[in-house]
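Here the structure is laid out as structure tokens; the discussion comes afterwards.
The values are calculated or read from the model by the stated rules, or taken from the named source; none is laboratory data. Worth saying up front: this structure is predicted, and the values here are computed from it rather than measured. No Cβ is skipped: glycine too gets one built from the backbone with ideal geometry, and neighbour counts run over all protein chains shown.
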Amino acid sequence: MIPDRDHFIWRDAGRIVVFGAGALAAATRLLAEHGFESFDLLSTERALAHAGDLAAAADEVHEVGPGAVPDTAAAILPAAGSKQLVALGGGRVIDSAKAVAAVSGARVAAIPTTMSGAEMTAIHRLPAGSESDASGLVRPQLVLADPEPMTSQPEGPLRASSMNALAHGADSLYTPFANPMSEAAALRGAALIATALDADREDRDRAGLALGSILCGYAIDSGMFALHHVICQTLVRVLGLPHAETNAAILPPAMEAMRERAPHQTAALADALGTAPDSLGARIAELGGGPRLGELGADRGRLDQALDAIEARPELGFTPDPPDRAELGRIIESAW
């Protein structure tokens, strides 16, 4: 079979991405073909319902509970003794597997069921209480990317997950680590996401949407992040907000704040999304929709605490002309 955009194997410096419909159904075989004959499976009750024979093939199955990754990873660490971990689920599950592996030395395979992008990055936190035991951050060595489970969420959560993916590409465009490869992946991924979301759900190019997420995940892993992710990661942690929905709410004003700071990069992003630079924020809001921060349950009384934490993040310095506290507050308030 000649590979095409919807079915391919991508070999990339110690990582293999197997992309295409049917990857989840064939997961046990594909895992074995790539050295994961024996493994522990990390997942959730929802994802396991669609796992086929994957759970039966695992040595042990560990359900990842709700909560922050340092806590979920710490809860699993004592029992996840396998030197090979397979993560089936969204970003919390995959990041938990990466966190455990950073301490245990395990190899990780990821089978994403959302567009979190976690399967493509070595960006994660560490198990609570084991930070000093980690030997480094972990990137999955094998990714089985099946567009069907990746894009199967109901429309609202799917668009939020899509904005999370789009934010990976957008935020990577203007950091000191941006490069031609990360830029090309980010812009191609952004265009695929926008084109897919413009279509009615029943006519949507789900493979294109999933591929857009994969490419944007690659972009942020290579080019890193700045303003948008510093704000969102901190709001999620301090205010207890949901990850994807927070990204969807903050991305429009964050990109508006970047238009004068990074005019060439934001113009290229606007072009990829099929709009003019001065309509970039409105175009992203149109694609994402969804609730605002106040509707997500954000507590305005803790905003100063969140701003303190944002200002303390060294990654804020990856933003050209980093915004001061007052501007950070205006960006967040405009998403309230």
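You will find that of 300, 261, the residue that is in contact with a helix residue (DSSP H, G or I) (Cβ under 8 Å, 6 or more places away or on another chain) and surrounded by fewer than 17 Cβ atoms within 10 Å (Cβ to Cβ) is 300 and no other. Among the residues in segment 142-153, are any out of contact with any Pro (no Cβ under 9 Å at 6 or more places or on another chain), touching a residue at least 24 places away in the same chain (Cβ under 8 Å), over 23 Å from residue 46 (Cβ atoms) and surrounded by fewer than 19 Cβ atoms within 10 Å (Cβ to Cβ)? Scanning segment 142-153, I find no residue that is out of contact with any Pro (no Cβ under 9 Å at 6 or more places or on another chain), touching a residue at least 24 places away in the same chain (Cβ under 8 Å), over 23 Å from residue 46 (Cβ atoms) and surrounded by fewer than 19 Cβ atoms within 10 Å (Cβ to Cβ), so the answer is no.
Of the listed requirements (1) under 27 Å from residue 95 (Cβ atoms); (2) of a type in the set (A, V, I, L, M, F, W, C); (3) part of a helix (DSSP H, G or I), residue 282 misses just one: (1).
Quick one: count up the residues across segment 257-298 that are over 18 Å from residue 197 (Cβ atoms) and either among the polar types (S, T, N, Q) or touching a residue at least 60 places away in the same chain (Cβ under 8 Å) (or both).
8
Those helices (runs of 4 or more DSSP H) of segment 1-64 in which at least 3 residues are more than 20 Å from the chain's Cα centre (by Cα), of a type in the set (A, V, I, L, M, F, W, C) and closer than 22 Å to residue 115 by Cβ, considering only elements entirely within it, cover 27-33.
Against the test of being modelled with pLDDT of 95 or more and in contact with a helix residue (DSSP H, G or I) (Cβ under 7 Å, 6 or more places away or on another chain), the options 31, 48, 41, 77 yield a single qualifying residue, 41.
Got a sec? Which helices (runs of 4 or more DSSP H) wholly within segment 67-175 have at least 2 residues that are within 28 Å of residue 253 (Cβ to Cβ), small (Gly, Ala, Ser) and assigned by TED's automatic domain parsing to the domain that holds residue 223?
Numbers: elements: 69-76, 91-104, 147-150, 155-172.
In segment 67-175, 155-172 are the helices (runs of 4 or more DSSP H) which contain 2 or more residues that are within 28 Å of residue 253 (Cβ to Cβ), small (Gly, Ala, Ser) and assigned by TED's automatic domain parsing to the domain that holds residue 223.
Of all the listed residues (307, 316), the sole one being in a helix (DSSP H, G or I), in contact with a helix residue (DSSP H, G or I) (Cβ under 9 Å, 6 or more places away or on another chain) and touching a residue at least 60 places away in the same chain (Cβ under 8 Å) is 316.
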